Amino acid sequence: MNPSVIPALVLLAALVPTAVQAKTIRIEVDGLVCAFCAQGIEKKMKAQPATDKVFVSLEKKVVAVSLKPGQDIADDKLKAEITDAGYVVKGIRRSDESLDDIRKHVKAQK
């Protein structure tokens, strides 16, 4: 390879967007009915090494987990933690929204 091509390849690689890792995970959970439920799920999610913050909405049955930079939690791990606690996972969605944005959207839903 021509040595003069290497700087151009390095520049090109820097300009190509890389896969964006989700900042938050939104989990739809059935069975959340009381503050004790919310507290238990929050404690389980915070125990995960990759977790930064947790938001639980009893009213909308949503658990949102923000991840530490560069960290992740597998969907099957999240599902296992929640089902082992006695709840049903209805869906898991990853997003680059902040936890505060998810909290605002959930609270704004009627």
Between Val88 and Cys34, how many nm apart are label points set 7 Å from Cα along the C-beta direction? 2.0 nm
Note, Val56: beta-carbon cut-off 14 Å, +1 each Lys/Arg, -1 each Asp/Glu, net +4
For Val65, Val89, what ranking results if the residue with the fewest other Cβ atoms within 10 Å of its Cβ goes first? Val89, Val65
Net charge of neighbours whose Cβ lies under 13 Å from the Cβ of Pro69, counting Lys and Arg as +1 and Asp and Glu as -1: 0
Checking the table Lys68/Lys107; Lys79/Lys104; Lys61/Lys107; Lys68/Lys90 against a 20 Å threshold on Cα-Cα, which pairs fail? Lys68/Lys107; Lys79/Lys104; Lys68/Lys90
Can you tell me the FRET efficiency between Asp75 and Ala108 if r is taken as the Cβ-Cβ distance and R0 is 25 Å, rounded to the nearest 0.05? 0.45
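Read-outs: derived from the displayed coordinates by stated rules, not from any lab. These numbers come from a predicted model, not from an experiment. Virtual Cβ from ideal backbone geometry, glycine too; neighbours counted across all protein chains shown.
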